[in-house]
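Structure record follows, encoded as structure tokens.
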Amino acid sequence: MQNITSTLKKLFYLWKRSQVPIKQPTKISKIDNLIIFLICILISIISSYKELLISPLNISDIFSWLLTFTEAFVSSWILIIVSKKENPTISSRQIILIVTLLLAVQASKLALASTISPLSLIIPPALIISQGMGSITALVWVSIASISWPEPEVAVNNNLFLILLVCASVVSLLGGRIRSRAQLLQLSIFVPIGALFSQWIFIGKYKISFIEKQEFVFANDNIFSDSLLLAIVMLFTILFIPIFESIFGLLTKARLLELADKEKPLIRRLSLEAPGTFEHTLLICGLAEEATRIIGGDIDLIKTGALYHDVGKLHAPGWFIENQDGSKNPHDEIDDPIKSAEVLQAHVDEGLKYARKNRLPKLIANFIPEHQGTLKMGYFFQKAKEKNLDINENYFRYRGPIPQSKETAILMLADGCEAALRAMNINASDKEALETISKIIYSRQKDGQLDDSNLSKGEIFLIKRSFLNVWKRIRHRRIQYPTSKNNTFS
């Protein structure tokens with residue numbers, strides 16, 4: 001019986017591994033780990049040092065301090081672990097930002113707890129974290145920052161504490177979904193108004209005053225001044241979010257939508273200098289967006305990444321078939337498969353240069369090499385074999401890396417399927433189209449291109465169906481209009 005149980009456990013483990021490959025988190029350097037560790041130590045010291053100022057000290061006081069210190073330290077590392085779990089590709093800069101914000105809030109509590117409402121201390125950082133690193137990380141951050149108070153003597157009203165948690169949770173949840181700066185502005189207005197009415201209902205009318213001498217804005221325990229200060233701090237936070245995006249590599253929804261504007265100089269250049277590539281890009285966007293939507297991926301990320309994935313072709317647009325008019329092909333003129341392979345690899349290398357020059361976020365730049373992965377340039381490899389050139393197959397492969405996320409993997413599959421689907425006969429059946437899609441995706445799987453993408457078998461099945469649905473939409477027939485001398489038909 002024990003052997004049967006052991007066998008079933010192994011089979012379940014193997015099945016689970018086959019469904020969802022394990023995603024390895026981004027490695028953090030020793031120096032960054034040391035910086036993060038020291039910040040966590042500082043957080044723990046600030047959160048607990050007041051307990052050492054009691055005189056005289058006894059064993060129970062030291063034990064209480066040690067318990068508080070350990071609690072703050074462990075809480076900080078739990079926050080880091082959750083952030084890595086939610087986003088395995090999180091960078092060390094972003095982790096440093098999270099713990100630094102926690103350190104800043106803990107220090108502000110010591111200096112300003114008797115002057116400023118906790119609403120203004122905790123809610124604005126939650127907005128930054130939810131925008132750049134996700135709602136779950138923001139919720140955990142809010143929980144730790146709200147519960148851990150350095151000064152036990154600074155009591156927080158239970159009703160105010162509840163209002164703080166609700167408002168911060170709303171900001172954390174909505175902040176991760178907001179897709180424009182205008183929505184951020186609305187949030188910075190409605191949350192303080194909600195906090196004002198909540199305090200008015202649960203804390204009391206007697207604490208609201210619209211005129212409070214010189215201490216109007218900083219009058220703690222005054223409901224109106226608390227809410228006004230929260231609104232002001234949130235507005236300033238929104239102004240500084242673009243700076244945080246630049247310094248810490250945050251990629252917010254609003255930033256993605258700004259980059260996806262087709263009037264951006266790089267995209268505009270692509271449409272003018274490489275129109276065939278631009279059209280190909282738009283078709284891939286349709287396929288990739290539908291597939292990402294059906295598996296619950298980041299639609300804004302793949303939509304933006306797809307627009308920039310082939311910008312490297314700007315270095316030599318005429319060398320790519322979609323931009324040629326059919327009169328001549330430079331590859332035929334040089335008649336050198338090795339140089340042709342170098343041109344294809346160059347569109348990846350040059351694309352990364354364009355990304356650095358235009359300061360594209362790393363998550364967008366990743367689409368440039370990963371959409372090709374280490375795929376083989378089969379056409380030119382075959383040409384080399386016909387010429388009897390003794391060349392290693394790896395020389396005709398892109399340098400990679402292979403897709404490291406679901407979104408870049410979907411783009412690779414869309415890139416491979418787009419040309420094949422567009423070339424199909426308009427009378428082709430759905431079964432034929434699905435077979436074509438399946439063959440292309442299977443070839444990518446067999447070649448190991450999807451090994452690091454974290455795509456499950458179920459998600460790959462859904463991707464195939466979504467590609468088929470898009471093909472069915474774009475292959476519609478057009479009626480043949482009758483002609484006339486004055487061409488009045490439209």
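Worth pointing out:
- Shown here for region 360-438: trypsin sites (Lys or Arg not before Pro) in loop regions (DSSP other than H, G, I, E, B) with at most 16 other Cβ atoms within 10 Å, namely 387, 399.
- Cα-projected label distance for residue 443 with residue 271, points at 7 Å along beta-carbon direction, nm: 3.2
- Pairwise label distance in nanometres, residue 27 with residue 469, each label 7 Å out on the Cα-Cβ vector: 4.0
- Anisotropy class of region 387-475 from Cα gyration tensor, a/c 1.5 cut: oblate
- The 3J(HN,Hα) values that the Karplus relation (6.51, -1.76, 1.60; θ = phi - 60°) gives for region 272-285 are, in residue order, 8, 8, 9, x, x, 5, 5, 5, 4, 4, 5, 5, 5, 4 Hz. Gly and Pro appear as x.
- Full extension of the chain segment joining residue 182 with residue 392 gains 70.1 nm, where the gain is 0.36 nm per residue of separation less the Cα-Cα distance.
- Region 102-148 versus region 335-395: alpha-carbon centroid distance in Å: 46
- 3J(HN,Hα) from dihedral phi, region 296-312, Karplus parametrisation 6.51/-1.76/1.60, rounded to Hz, x for glycine, proline: x, x, 8, 5, 5, 5, 6, 4, 6, x, 5, 5, 9, 5, 10, 5, x
- Amide H contacts under 5 Å for residue 397: 377, restricted to partners 5 or more places along the chain or on a different chain, H placed in the peptide plane at 1.01 Å from N.
- For the cross-link pairs 313/472; 84/303; 353/464; 313/431, the ones whose C-alpha atoms lie over 27 Å apart are 313/472; 353/464; 313/431.
- Karplus-derived 3J(HN,Hα), 6.51/-1.76/1.60, for each residue of region 365-373, Hz, glycine and proline x: 4, 4, 5, 5, x, 6, 6, 9, x
- Using a probe of 1.4 angstrom and keeping all protein chains present, the accessible surface of region 56-117 works out to 49 square angstrom per residue.
- Estimated FRET transfer efficiency (residue 189, residue 325; beta-carbon r; R0 56 Å; 0.05): 0.55
- Per residue, in Å², the accessible surface of region 304-369 once ligands and nucleic acids are set aside, probe 1.4 Å: 46
- Residue 461-residue 424 FRET efficiency (beta carbon distance; Förster radius 25 Å; 0.05 resolution): 0.75
The values are calculated or read from the model by the stated rules, or taken from the named source; none is laboratory data. Quick caveat, the model's predicted, so the values are computed rather than measured. A quick note on method: Cβ atoms are made from the backbone with ideal geometry, for glycine too, and the neighbour counts reach across all protein chains shown. Ligands, DNA and RNA are excluded from the accessible area calculation, which covers all protein heavy atoms including side chains. Shrake-Rupley method; radii C 1.70, N 1.55, O 1.52, S 1.80 Å.
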